[in-house]
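The values are calculated or read from the model by the stated rules, or taken from the named source; none is laboratory data. What you see is a predicted model, and the numbers here were worked out from it, not measured in a lab. Here the Cβ is made from the backbone with ideal geometry for all residues, glycine too, and neighbour counts use every protein chain on show. Each accessible area value is taken on the protein alone, full model and side chains, heavy atoms only, with ligands, DNA and RNA left out. Shrake-Rupley method; radii C 1.70, N 1.55, O 1.52, S 1.80 Å.
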Amino acid sequence: MDITFHGAAGEVTGSCAQVRHQAGCFLVDCGLFQGGRDAPLKNLRALDFDLTAIDFVLLTHAHLDHAGLLPRLIALGYKGPVYATSATVDLAGVILLDSAHIQEKEAEWLNRHQRARHARRGWDVAPLYTVAQARASLQRLRAVDYDVELKPGPGVRCVFRNAGHILGSAILEISVVEGKGERRLVMTGDLGQPERPVLRDPAFIGAADFLCVESTYGNRAHRSMSETEEELAAVVHETLKRRRGNVIIPAFAVGRTQELLFVLAKLVREGKMDPLEVVVDSPMASAVTELTVRHEGLWDAESRELFAWSQRHADRFKVRFVQDVEESMALNSRPSGLVIVSASGMCDAGRIKHHLRYNLGRSACAIVMTGFQAAGTLGRRLVDGARAVTIFGERIPVKASVHTIGGLSAHADQPALLAWLAHFSRPPRQTFIVHGEAGASAAFAKAIEHRLGWPSPVLSQRGTRYELC
């Protein structure tokens, strides 16, 4: 039995692990590489192994860096099922189609650009995958329930446990028959930070022979939720009431947008903010919010109660979901008084780029970053203190204040990761550190060794095959 990491090893994106065992082969996740100039080429080359050998795919959640290459996998010839929780199946129907639309539009733009430069045909670039291929991939999804044993293939049993990261996210407990016994492999996917709005906290796992654990924030601790709320309230008050500007919040359409709405509603309810007008300018975020409400059974009790309050007090907490482009453009004529939440969370695509274009150059405004910004993204450049950025070919000075509020992260920080690991009854035979930039993964590996007394974890390398014995 062995495992090969085809992505999210030494970096955060491109999650895809291939497990081979005596009765077959399967994948855990099939994600896009995101951020950096080499991401398009890495995505083209990502699935350069024998796809015909794969029996099934287990999907931890619907974020693109875990699910975004599923349409390409199937377009390249994979014929088997993809198992995921029912909420993940619903979210994938939104996320993958949106991703395919972006792929087609980017290819269309590149082709127009090439034709303009070379004044002749023959330079056409194909999208990574099409909307039609994304739709076809959705037909392979098979919904499973949390905490119910699945037998996806010969010699393999699997249980999906709540990961508390985004709606439908799962930790995978996989038991594989090897020889006369079984080996248990646990894949965390992305673990959520405990005691955060909307979702229940991650489930604890008691034991594993082999563990693959994420490390996105393996080298740091988030601010406490109370500190996060105080900082967010202060920024919103300063910007809307004193500077008379707008608050622009780049946010992932899945998870982060919904969490922000709950946090803002809570602050208004508690009197820590004046009544707010919040605009969610992302068609995908609107669709995901609708799905989140549909899966209310996955929420924690406090979030269900807060949602009921917001429905009764729409005059104090006004939320408007923007769909059409004209309405989105009209927001730029509002110089003040708005909290605009828009995708994408790393600012590399979507309507957020238009809002940054119109508000970054205004000292009255504030840009609030609430999530991880991968190296090479526009969001990362803003967080790193860029004095000017290029958006749609135009150089924009950064005069707005830029704030990073890390306490809203959907990823567990180092203390939460270590606390989760502490529930194991014994150390795994081998622990693989995945889904983190090199520095974060290395720091987390040291913390596991020194704080928990576990054997030295493996800093996973992309393309390396590791024996599980």
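For ILE205, all conditions in the list (1) closer than 25 Å to LYS399 by Cα; (2) in a loop (DSSP other than H, G, I, E, B); (3) open to solvent by less than 10 Å² (accessible area, probe 1.4 Å); (4) not small (Gly, Ala, Ser) hold save one; what is the number of the exception?
(1)
Among the residues of the range 248-260, which ones are under 15 Å from ALA366 (Cβ atoms) and part of a loop (DSSP other than H, G, I, E, B)? Quick ask: steps written out before the conclusion?
Just the residues of the range 248-260 that are under 15 Å from ALA366 (Cβ atoms), to begin with: 248-251, 260.
Hit for the range 248-260 is ALA251, nothing else.
Criterion first (more than 20 Å from ILE405 (Cβ to Cβ) and touching a Lys or Arg at 6+ places or on another chain (Cβ under 9 Å)) does VAL288 satisfy it?
No; evaluated as a whole, the condition is false for this residue.
How about the range 1-89: which helices (runs of 4 or more DSSP H) wholly inside it have at least 2 residues that are hydrophobic (A, V, I, L, M, F, W, C) and surrounded by fewer than 19 Cβ atoms within 10 Å (Cβ to Cβ)?
Helices (runs of 4 or more DSSP H) meeting the threshold: 39-45.
Filter the range 399-428 for residues that are touching a helix residue (DSSP H, G or I) at 6+ places or on another chain (Cβ under 7 Å) and more than 30 Å from ARG451 (Cα to Cα); which is surrounded by the fewest Cβ atoms within 10 Å (Cβ to Cβ)?
VAL402
What residue, among those in the range 140-165 that are part of a strand (DSSP E or B), farther than 27 Å from GLN258 by Cβ and not small (Gly, Ala, Ser), is most open to solvent (accessible area, probe 1.4 Å)?
So, considering only residues that are part of a strand (DSSP E or B), farther than 27 Å from GLN258 by Cβ and not small (Gly, Ala, Ser), the one most open to solvent (accessible area, probe 1.4 Å) is LYS151.
Within the range 98-118, track down each residue that is closer than 30 Å to ILE174 by Cα and open to solvent by 50 Å² or more (accessible area, probe 1.4 Å). First the steps, then the outcome.
First, the residues of the range 98-118 that are closer than 30 Å to ILE174 by Cα: 99.
Residues satisfying the conditions do not exist here.
Which of (1) in a helix (DSSP H, G or I); (2) hydroxyl-bearing (Ser, Thr, Tyr); (3) surrounded by fewer than 22 Cβ atoms within 10 Å (Cβ to Cβ) is the odd one out, the single condition SER363 does not satisfy?
Unmet for SER363, out of (1) in a helix (DSSP H, G or I); (2) hydroxyl-bearing (Ser, Thr, Tyr); (3) surrounded by fewer than 22 Cβ atoms within 10 Å (Cβ to Cβ): (1).
If you take just the strands (runs of 3 or more DSSP E) that sit entirely in the range 261-358, which of them hold at least 3 residues that are touching a residue at least 12 places away in the same chain (Cβ under 8 Å) and open to solvent by less than 20 Å² (accessible area, probe 1.4 Å)?
Result: 276-281, 339-342.
Under 6 Å by Cβ, and 6 or more places apart or on different chains, what pairs join a residue from the range 219-239 that is under 17 Å from PHE262 (Cβ atoms) with one that is of a type outside the set (Asp, Glu) and open to solvent by 50 Å² or more (accessible area, probe 1.4 Å)?
Close Cβ pairs satisfying both conditions: ALA233/LYS272.
Could you please find all residues in the range 226-247 being open to solvent by 30 Å² or more (accessible area, probe 1.4 Å), farther than 14 Å from LYS272 by Cα and in a helix (DSSP H, G or I)?
ARG242, the sole residue that qualifies.
Take GLY385 and tell me if it is closer than 20 Å to LEU260 by Cα and either crowded, with 20+ Cβ neighbours inside 10 Å or of a type outside the set (Asp, Glu) (or both).
Criteria not met by GLY385.
Out of LEU452, LEU408, LEU468, I need the residue that is in contact (Cβ under 8 Å) with a residue 12 or more places away in the chain and under 26 Å from the mean Cα position of the chain (by Cα). Which one?
Numbers: LEU452 fails: under 26 Å from the mean Cα position of the chain (by Cα); LEU468 fails: under 26 Å from the mean Cα position of the chain (by Cα).
Exactly one residue qualifies, and that residue is LEU408.
From the residues in the range 167-196 that are over 24 Å from GLY436 (Cβ atoms) and assigned to a loop (DSSP other than H, G, I, E, B), which one is most open to solvent (accessible area, probe 1.4 Å)?
That would be LYS180.
So VAL402 ticks every box in (1) under 23 Å from the mean Cα position of the chain (by Cα); (2) free of Cβ contacts under 8 Å to residues at least 40 places away in the same chain; (3) part of a loop (DSSP other than H, G, I, E, B) but one. Which box is left unticked?
If we test VAL402 against (1) under 23 Å from the mean Cα position of the chain (by Cα); (2) free of Cβ contacts under 8 Å to residues at least 40 places away in the same chain; (3) part of a loop (DSSP other than H, G, I, E, B), just (3) comes out false.
From the list GLY14, GLY68, which residue is under 20 Å from the mean Cα position of the chain (by Cα), closer than 27 Å to HIS165 by Cα and free of Cβ contacts under 8 Å to residues at least 40 places away in the same chain?
Within the list GLY14, GLY68, the selection yields GLY68.
Tell me which residues, restricted to the range 363-377, are at pLDDT 95 or above and polar (S, T, N, Q).
SER363
Take ARG142 and decide whether it is of a type in the set (D, E, K, R) and modelled with pLDDT of 95 or more.
Here the answer is yes, as ARG142 does meet what is asked.
Give the range 413-437 a look and list any residue that's part of a loop (DSSP other than H, G, I, E, B) and at pLDDT 95 or above, or say none.
Passing the criteria: ALA422, HIS423, PHE424, SER425, ARG426, PRO427, PRO428, ARG429, HIS435, GLY436.
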